[in-house]
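Reviewing the structure listed below.
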């Protein structure tokens with residue numbers, strides 16, 4: 001334990017020192033590092049898969065689930081997708097150095113805000129080893145050093161991926177401490193990382209709610225977190241019902257296991273009689289189980305009565321909570337109570353209701369007449385994302401390169417003093 | 001203790017409910033509340049001072065320092081300045097609802113980012129009761145509910161100030177829970193507030209380093225903090241020395257007890273022989289004690305040899321650490337080691353050095369050829385500020401109205417679904 005504390009402390013210190021150098025890199029050098037890493041990943045596929053095999057073997061011995069093993073596997077496809085991700089990040093504009101605004105004060109002082117790297121970012125994640133590369137790519141491009149703490153089950157894979165990055169960094173005379181994977185797998189390492197507020201500027205946990213709660217409760221460092229995605233579509237009484245069928249179907253069925261899938265559907269009473277039976281048929285064909293309120297169950301034969309815990313539950317599966325509401329107020333109250341500040345959508349043809357919903361629904365993305373599935377950095381046009389924040393400090397919604405930076409004030413004077 | 005826990009829990013819940021209503025207020029109504037509160041403060045001066053007298057009496061009984069009692073006093077001037085502060089905040093543009101950007105996706109989805117209130121802000125502060133009004137005004141204008149936890153020594157003053165706000169809120173049918181002062185003074189209340197992550201979105205501590213460290217170590221909620229201001233002026237070898245005298249003098253002497261005053265002066269060796277003696281004479285006349293490195297002491301007779309703990313120390317007094325450096329690299333290394341990420345200035349006529357210093361000095365404000373005393377929301381043109389953040393998450397530098405908001409994504413569709 002004392003060794004882990006010392007090790008983590010040293011890693012954090014080195015990361016902080018490296019961060020000063022990473023912050024100064026030009027976009028040209030950073031992009032070269034990303035593109036060469038992409039090449040080296042593909043060229044080292046065999047080595048990566050041999051190391052990955054050690055993790056897979058242990059996971060099988062431990063009897064871990066197929067889904068777990070699937071996430072852990074560095075298949076050809078996963079390796080290609082990591083390389084492609086790096087190429088995409090290289091193609092994005094460099095946020096560092098952008099002057100977001102500049103203005104002149106009455107005394108002639110020219111004041112501006114310029115985008116700067118955050119410094120040292122620490123990612124704490126679970127089984128997917130591709131996060132190692134995705135996160136390192138985004139952090140580096142935004143001028144940050146990064147400390148990566150993946151799951152113990154992926155340690156060989158993560159170390160192998162890091163070694164490729166190290167090799168490319170060395171070729172460009174960038175300190176290897178800019179990207180470090182924590183080589184030990186005990187929980188003590190996480191606890192210790194969360195205390196290094198002098199060196200680490202931001203913690204980003206990715207994984208289950210348990211991991212995220214642990215990080216939030218134990219960190220002295222700011223945390224960008226995403227607990228869960230309980231997204232709703234509200235079908236208003238003025239909805240174009242044909243459009244509502246498509247949007248609700250897409251929101252629920254296109255990829256039910258992800259955070260921006262719809263988990264609850266709210267239907268205005270005046271259209272429920274017409275909308276629900278047809279929608280239910282379509283969901284039934286797709287294998288979606290409906291858990292409804294009393295009114296829903298009286299309209300839809302196949303609906304199962306919802307239990308209290310179904311409202312606001314993140315099913316991540318072909319299951320949907322359905323509630324008939326008397327008014328848009330009731331829909332907004334429901335969302336305020338059961339939503340998770342992730343994604344909320346309304347389907348309506350009414351101008352004032354669209355406007356009100358956009359203003360009052362409290363979520364990182366609020367949509368009118370579109371699928372909840374658009375809450376994604378790529379889909380919204382930000383490029384790659386490092387996660388989706390459901391709390392409002394620093395970033396709310398998909399976090400792209402810009403969210404991995406801050407701004408500082410700069411002032412150009414010619415001798416100004418304060419009176 | 002159980003009572004305090006219950007009380008704080010209830011206050012936090014009520015604040016969250018009120019936040020939804022405050023978020024919807026128009027700028028017109030918010031500004032009226034601020035302007036009427038300003039009037040009512042002046043009209044209730046006697047009541048305020050009578051309540052304040054209770055706090056002052058107890059402070060005197062406890063034998064608290066004159067400086068402490070000065071900060072605690074609601075003099076006519078302090079009351080007028082609170083009223084004036086509210087008028088200035090009312091005159092600032094409302095950040096809420098501003099669409100900071102909007103763009104169209106290839107599928108026709110129109111995506112934007114719109115400024116929204118953070119929700120519930122909790123201020124934890126020490127003896128100055130004027131913070132109650134300053135903070136409430138800024139938080140309300142930015143559409144937030146606020147929970148105020150002032151020092152126990154100012155409890156009567158704070159409750160009296162809150163009662164005036166309550167009265168104005170009631171007149172506009174705004175829930176009084178939008179501005180709440182915690183009526184109990186035990187530390188348990190603070191500890192409990194720091195756990196209410198479900199209701200409170202942001203904690204802003206203001207006070208000594210001890211208070212701030214306590215908050216950071218115990219909070220599960222994001223904290224915007226400012227530990228200390230250890231600001232430097234670097235007098236480059238290419239400095240205009242006449243300008244350097246004025247800037248250094250102003251940075252140190254104009255108001256030595258505040259966070260943006262200069263605490264360390266770095267002088268390039270090539271100009272030290274000419275610059276330091278004249279500068280030292282001027283400082284001596286103003287009663288500034290110099291604590292210098294060996295070279296400084298060999299040039300300036302009156303300089304006292306600096307101890308290691310003088311480097312990076314926040315004197316908040318007429319004391320200055322002075323170091324002669326061999327190069328700009330050494331100056332930047334010194335700042336990286338001893339600075340507090342608050343304010344750093346260079347005096348130079350050299351274009352490339354100005355540019356490099358602006359880029360590499362890691363502080364919330366970096367100035368060329370101007371006094372460190374400009375790091376202030378009003379001076380930089382942001383209007384009133386609620387504090388200066390020296391960490392990079394969410395806000396870095398003076399926090400004005402904009403820093404009390406977040407942005408959410410909005411999307412206008414016409415039936416888009418994801419393929």
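Table for the structure above
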read-out: Test item: A:360-367 mean partner chain Cβ contacts at 10 Å; value: 5
read-out: Within chain A, percent of DSSP bridges classed antiparallel, to nearest 5; value: 30
read-out: Overall form of segment B:1-99 per C-alpha gyration tensor (a/c, 1.5; a/b vs b/c); value: oblate
read-out: Computed E for residue A:307/residue B:58 - FRET, C-beta separation, R0 45 angstrom, nearest 0.05; value: 0.25
read-out: Förster-model FRET efficiency, 51 Å R0, residue A:284 and residue B:42, C-beta, rounded to 0.05; value: 0.15
read-out: Two-site FRET efficiency, residue A:26 against residue B:198, from Cβ-Cβ distance with R₀ of 45 Å, rounded to 0.05; value: 0.55
read-out: Other-copy label distances relative to residue A:80, 7 angstrom Cα-Cβ extension, nm; value: 7.6
read-out: Point-to-point label distance, residue A:170-residue A:99, nm (Cα→Cβ direction, 7 Å offset); value: 4.1
read-out: Gyration tensor verdict on the protein assembly as shown (Cα atoms; rounded if a/c is under 1.5, prolate if a/b is larger than b/c, oblate otherwise); value: oblate
read-out: Gained length - residue B:258 relative to residue B:218, 0.36 nm times residue gap less alpha-carbon distance; value: 11.7 nm
read-out: DSSP bridge pairs, segment A:34-172: antiparallel proportion in percent, nearest 5; value: 50
read-out: Relative contact order of chain A, pairs being alpha-carbon contacts under 8 Å that are 6 or more residues apart, as %; value: 18
read-out: Structure-based [θ]222 nm, chain B - -39500 (n - 2.57) summed over DSSP H runs of at least 4, per residue, nearest 500; value: -14000 deg cm²/dmol
read-out: Burial ordering of B:216, B:120, fewest other beta-carbon atoms within 10 Å first; value: B:216, B:120
read-out: For A:375-388, mean number of other protein chain Cβ atoms within 10 Å; value: 2
read-out: Crossing angle, helix A:269-285 versus chain A [Cα axis fit, 0-90 degrees, rounded to tens]; value: 70
read-out: Segment A:190-246, relative contact order in percent, only Cα pairs under 8 angstrom and at least six apart counted; value: 33
read-out: Across the identical copies, how the residue B:270 labels are spaced - nm, sorted shortest first, 7 Å along Cα→Cβ; value: 7.9
read-out: Exposure proxy ranking, count of Cβ atoms within 10 Å, fewest first, for A:304, B:267, B:131; value: A:304, B:131, B:267
read-out: Ranked list, fewest to most other Cβ atoms within 10 Å of each Cβ, for B:238, A:232; value: B:238, A:232
read-out: Anisotropy class of segment A:231-379 from Cα gyration tensor, a/c 1.5 cut; value: rounded
read-out: Where rotation carries B onto A, the chain B residue whose Cβ is nearest that axis, in whole Å; value: B:394, 2
read-out: Those residues of segment B:345-379 whose amide nitrogen sits under 20 Å from the label point placed on residue B:318, 7 Å along Cα→Cβ; value: B:372-373
read-out: Between segment A:67-95 and segment B:194-240, the alpha-carbon center distance in angstrom; value: 37
read-out: 10 Å Cβ neighbours from other chains, averaged over peptide B:390-400; value: 5
read-out: Other copies of residue A:298: label-to-label distances in nm, shortest first, labels 7 Å along the beta-carbon direction; value: 9.5
read-out: Label-point gap, in nm, between residue A:298 and residue A:81 - each point 7 angstrom along Cα→Cβ; value: 4.6
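Every read-out reported here was derived from the displayed coordinates using simple, explicitly stated rules and does not represent laboratory data. Please read all numbers here as calculations on a predicted model, not as lab measurements. All Cβ positions, even for glycine, are placed from backbone atoms using ideal geometry, and neighbour counts span all protein chains on display.
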